[in-house]
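The values are calculated or read from the model by the stated rules, or taken from the named source; none is laboratory data. Worth saying up front: this structure is predicted, and the values here are computed from it rather than measured. Cβ placement follows ideal geometry from the backbone for every residue including glycine, while neighbour counts extend to all protein chains displayed. For the accessible areas, the whole protein counts, side chains as well, though only heavy atoms, and no ligand, DNA or RNA atoms are used. Shrake-Rupley method; radii C 1.70, N 1.55, O 1.52, S 1.80 Å.
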Amino acid sequence: MSRPHDADASRLAAQSLARGDVTGWFEDLYREAAGGDAVVPWDAPQANPLIVDALADAGDAVGRSALVVGSGLGRDAEHIASLGYRTTAFDVSPTGIDSARARFPESAVDYVVADLLDLPKRWHNAFDLVVESITVQSMPLSVRDDAIAAVASTVAPGGRLLVISGVRADGVEVDGPPWPLTRAEIESFATGGLTTTSIEQIERADIPGARRWQAWFDRTPSRP
Ligand SMILES: C[S@@+](CC[C@H](N)C(=O)[O-])C[C@H]1O[C@@H](n2cnc3c(N)ncnc32)[C@H](O)[C@@H]1O
């Protein structure tokens with residue numbers, strides 16, 4: 001019988017969380033994967049089709065900046081850069097960032113090691129487009145409010161935030177990772193001056209992991 005594709009992630013997450021380290025397993029996983037000893041379950045051959053479709057109608061990218069949260073192996077960041085955004089992509093895992101750079105040696109993306117829970121101050125209200133796809137749900141509920149507030153804080157005046165996440169029904173307990181988001185948690189991205197533009201649930205055959213939240217939030221432009 002073949003191993004589940006998330007077996008390595010589950011093993012390393014259990015070890016990391018048992019020692020109270022909520023993000024350390026990502027580095028462990030990317031390091032083992034770089035040595036050919038583990039599989040990264042979210043390592044898809046293409047950019048996330050939900051992101052591709054959502055950004056197809058999102059307006060002119062040229063001259064605008066984008067931030068990709070928890071960018072992993074870089075597929076989504078590369079797609080966003082290909083649209084014309086000046087793209088910064090960050091991940092807490094140094095090996096994850098090294099692996100993305102190695103995969104895309106000619107990349108226009110600025111790949112940065114950074115922790116969502118301790119972001120550089122210069123990223124506050126700095127980006128015209130922010131894309132958060134299944135990173136908040138990969139962190140335990142104990143840091144959820146801080147993670148959501150940190151994502152929201154990076155959106156510039158006049159900027160937009162796209163959130164993609166798994167769906168958790170209200171009152172349902174999950175033994176993550178992942179810890180998918182409830183509707184109330186999705187709504188809570190409208191914080192620190194962001195307003196909700198749309199929240200929908202999407203189910204598509206070409207999206208792994210069944211149903212997803214897709215939500216847009218906007219920050220009012222500054223007065224001239
Ligand atoms: C489930 S993966 C998703 C990766 C990518 N967004 C995708 O959709 O393929 C979560 C990613 O977020 C990163 N991550 C987790 N916690 C983080 C944190 N506190 N700060 C920055 N990145 C983090 C992990 O290293 C991992 O690459």
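Can you tell me how many residues within segment 140-150 are open to solvent by less than 10 Å² (accessible area, probe 1.4 Å) and either within 10 Å of the ligand (Cβ to nearest atom) or small (G, A, S) (or both)?
Pass one, segment 140-150, residues open to solvent by less than 10 Å² (accessible area, probe 1.4 Å): 144, 147-148.
Now drop any that are not either within 10 Å of the ligand (Cβ to nearest atom) or small (G, A, S) (or both), which leaves 147.
Within segment 140-150, residues that are open to solvent by less than 10 Å² (accessible area, probe 1.4 Å) and either within 10 Å of the ligand (Cβ to nearest atom) or small (G, A, S) (or both) number 1.
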Top-ranked residue in segment 92-125 [being under 17 Å from V155 (Cα atoms) and more than 9 Å from the ligand (Cβ to nearest atom); ranked as least open to solvent (accessible area, probe 1.4 Å)]: W123
Breaking point among (1) free of Cβ contacts under 8 Å to residues at least 40 places away in the same chain; (2) more than 8 Å from the ligand (Cβ to nearest atom); (3) charged (D, E, K, R); (4) out of contact with any strand residue (DSSP E or B) (no Cβ under 6 Å at 6 or more places or on another chain), for R31: (1)
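Regarding segment 158-169, can at least one residue be identified that is part of a strand (DSSP E or B), open to solvent by less than 40 Å² (accessible area, probe 1.4 Å) and more than 30 Å from H5 (Cβ to Cβ)?
Filtering segment 158-169 for residues part of a strand (DSSP E or B) gives 158-167.
From the residues that got through so far, the ones that are open to solvent by less than 40 Å² (accessible area, probe 1.4 Å) too are 158-159, 161-167.
Those still in the list that are more than 30 Å from H5 (Cβ to Cβ) too: 158-159.
So far as segment 158-169 goes, yes, one or more of its residues are part of a strand (DSSP E or B), open to solvent by less than 40 Å² (accessible area, probe 1.4 Å) and more than 30 Å from H5 (Cβ to Cβ).
Residues in segment 76-91: is at least one near the ligand (Cβ under 8 Å from one of its atoms) and open to solvent by 20 Å² or more (accessible area, probe 1.4 Å)?
Here is the first cut: in segment 76-91, the ones near the ligand (Cβ under 8 Å from one of its atoms) are 76, 90-91.
Checking which are open to solvent by 20 Å² or more (accessible area, probe 1.4 Å) leaves us with 76.
Yes, some residue in segment 76-91 is near the ligand (Cβ under 8 Å from one of its atoms) and open to solvent by 20 Å² or more (accessible area, probe 1.4 Å).
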Single unsatisfied condition, W216 versus (1) part of a strand (DSSP E or B); (2) open to solvent by 40 Å² or more (accessible area, probe 1.4 Å); (3) touching a residue at least 40 places away in the same chain (Cβ under 8 Å): (2)
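Please count how many residues of segment 48-72 are open to solvent by 20 Å² or more (accessible area, probe 1.4 Å) and either closer than 21 Å to T23 by Cα or free of Cβ contacts under 8 Å to residues at least 60 places away in the same chain (or both).
First, the residues of segment 48-72 that are open to solvent by 20 Å² or more (accessible area, probe 1.4 Å): 48-49, 52-53, 56-60, 62-64, 70.
Okay, now just the ones that are also either closer than 21 Å to T23 by Cα or free of Cβ contacts under 8 Å to residues at least 60 places away in the same chain (or both), so 52-53, 56-57, 59-60, 62-63, 70.
Of the residues in that region, 9 qualify.
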Residue that is within 27 Å of T191 (Cβ to Cβ) and free of Cβ contacts under 8 Å to residues at least 40 places away in the same chain, where the choices are D110, D91, D115: D110
Residue ranges of helices (runs of 4 or more DSSP H) in segment 1-106 with at least 3 members under 21 Å from D175 (Cα atoms): 7-18, 24-34
In segment 151-175, the residues that are under 27 Å from R11 (Cα atoms) and either aromatic (F, W, Y) or touching a residue at least 60 places away in the same chain (Cβ under 8 Å) (or both): I164
Odd one out for V52 among (1) within 26 Å of W213 (Cβ to Cβ); (2) modelled with pLDDT under 95: (2)
